[in-house]
Each structure stands twice: as C-alpha cells, then as structure tokens.
Amino acid sequence: MSKKIIHTDQAPAAIGCYSQAVQIDHTVYLSGQIPLVPQTMQLVSDNFTEQAHQVFKNLRAVAEAAGGNLNNLVKLNAYLTDLQNFAAFNEVMAEYFTAPYPARAAVEVSALPKGAMVEAEGILILDQS
C-alpha cells in the first residue's frame with residue numbers, strides 16, 4: 001500500500017490537522033471542503049448557492065490535483081446547516097456532475113467551521129489505465 005498526500009494551492013489550505021486529500025493506490029479520500037476562497041481563506045459570501053458552488057470548485061481543484069475529476073467521485077457526503085437548502089444543493093450539484101451520479105448522503109449539522117452553511121467530502125476512484 002502506498003500513501004500519497006494530495007495538495008493544491010487552487011483549494012483552501014487545511015485549517016486543521018488534515019490533508020486536502022490522501023491517495024491509496026487508485027482511491028483518493030477528499031477531505032471536507034467548505035466555501036473558502038483559496039486566495040483569501042474567507043467565505044465566498046453569505047449566500048447558500050454561492051457557498052455550494054465554491055465547495056464544488058474546491059472539491060474539483062483537489063480532484064484535479066489528484067489526477068481525476070468530479071465524475072470520478074463514487075461517494076459524496078454533504079453537510080448542510082439547514083436542510084431547507086437541500087433542493088438548492090441538488091441544483092448546484094447537478095451543474096458539476098453528469099450521470100451516473102455518485103452515491104451520496106446529505107445531513108443537517110448544527111454548525112460548520114468558519115460559519116459555513118455547507119461542506120462536502122468524498123471518495124474518488126482514479127482511472128486505472
């Protein structure tokens with residue numbers, strides 16, 4: 001088993017004791033991304049839809065740094081501070097993925113780092129060719 005740490009300046013730097021992603025063989029475990037703008041490390045806005053877009057931009061940057069893309073995701077976990085935003089999250093997600101979609105969980109949480117309204121993390125499988 002070989003473990004490779006994935007890092008890119010195109011996604012926010014870790015704000016804790018974790019890596020942006022860890023690759024084991026062809027599997028990449030992407031850490032949770034909140035809607036921080038990488039260059040400023042500040043929330044993109046206080047608008048849920050804009051935050052959801054930033055989360056997927058950050059996940060895409062890490063996926064690309066690992067040599068894949070969002071369509072290589074097989075599992076996505078989403079954390080929302082208000083499930084009233086579930087439909088909006090689905091609409092934004094549909095702009096970043098094509099069918100077949102990854103398996104997914106979406107849960108409401110009481111709070112997220114930096115006051116974010118949404119966070120997502122996932123598991124990606126790289127092409128083995």
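The values are calculated or read from the model by the stated rules, or taken from the named source; none is laboratory data. Only a predicted model underlies this, so the values are computations on that prediction, with no experimental measurement involved. Here the Cβ is made from the backbone with ideal geometry for all residues, glycine too, and neighbour counts use every protein chain on show. Protein only, heavy atoms only, side chains kept; ligands, DNA and RNA dropped before computing areas. Shrake-Rupley method; radii C 1.70, N 1.55, O 1.52, S 1.80 Å.
Every residue in the range 54-75 that is in contact with a strand residue (DSSP E or B) (Cβ under 6 Å, 6 or more places away or on another chain) and either part of a helix (DSSP H, G or I) or surrounded by fewer than 20 Cβ atoms within 10 Å (Cβ to Cβ) (or both), please.
Val55, Asn58, Leu59, Val62, Ala63, Ala65, Asn72, Val74, Lys75
Pairs only if they're at least six apart or on different chains, beta carbon under 7 angstrom, first in the range 9-30 and over 22 Å from Pro102 (Cβ atoms), second modelled with pLDDT of 95 or more and open to solvent by 40 Å² or more (accessible area, probe 1.4 Å); list them, first residue then second.
Close Cβ pairs (under 7 Å, with a partner that is modelled with pLDDT of 95 or more and open to solvent by 40 Å² or more (accessible area, probe 1.4 Å)) amount to Ala13/Met41; Ile15/Pro113.
Test each condition in (1) surrounded by 12 or more Cβ atoms within 10 Å (Cβ to Cβ); (2) under 18 Å from Gly122 (Cβ atoms) for Asn47 and report the one that comes out false.
All conditions are met except number (2).
Looking only at the range 95-129, count how many residues are of a type in the set (A, V, I, L, M, F, W, C) and assigned to a loop (DSSP other than H, G, I, E, B).
8
Considering only the range 92-123, state which residues are touching a Ser or Thr at 6+ places or on another chain (Cβ under 8 Å) and not β-branched (Val, Ile, Thr).
Scanning the range 92-123 gives Glu108, Ser110, Ala111, Leu112, Ala116, Met117, Glu121.
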